[in-house]
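Below you'll find the structure, written out as structure tokens, and then a few comments.
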């Protein structure tokens, strides 16, 4: 069976125009959706970077203060313990304690960093959009 498109009816031409218009609207909407996702990602990334930078600066200042105070406290503890078990053993015991506790703290902090999800909202919105595009709502389009 051969279809002749040259003899198209006015209804077919109207339908073709409507389909082209709907297709153009869909493409424009898809472009806007992608642009919105990019804008959301930029805003969220800027916010995340600002948050991480502020937290990092605070942590660095706190670590410097704690290091000086903790170092002086460790030396004082080793000197006090040195009177009981001898200086070399006291310093070795204090050092072993600090290495153990420090290793546990590094492990806990690195686990917390691994659990942090960057761009959480952007990923969520992108997944929602992909789901909506992959499974459009049933029914006629008005």
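Any read-out appearing in this document is the output of simple, stated calculations on the displayed coordinates, not a laboratory observation. The structure presented is a predicted model; accordingly, all values stated were derived computationally and were not measured.
When N counts the residues of region 11-134, how does its alpha-carbon radius of gyration compare numerically with 2.2 N^0.38 Å, as a ratio? Don't skip to the answer; put the middle values down first.
Details: Rg = 29.4 Å, N = 124, 2.2 N^0.38 = 13.7 Å.
Taking N as the residue count of region 11-134, the ratio is 2.14.
What number, rounded to the nearest 500 deg cm²/dmol, is the helix-based mean residue ellipticity at 222 nm of the chain, given -39500 (n - 2.57) per DSSP H run of at least four residues and division by all its residues?
Values: 3 runs with 120 residues, N = 142.
For the chain, the value works out to -31000 deg cm²/dmol.
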Gyration tensor (Cα only) of region 1-82 to equivalent ellipsoid, semi-axes in Å sorted down, yields 75, 13, 5
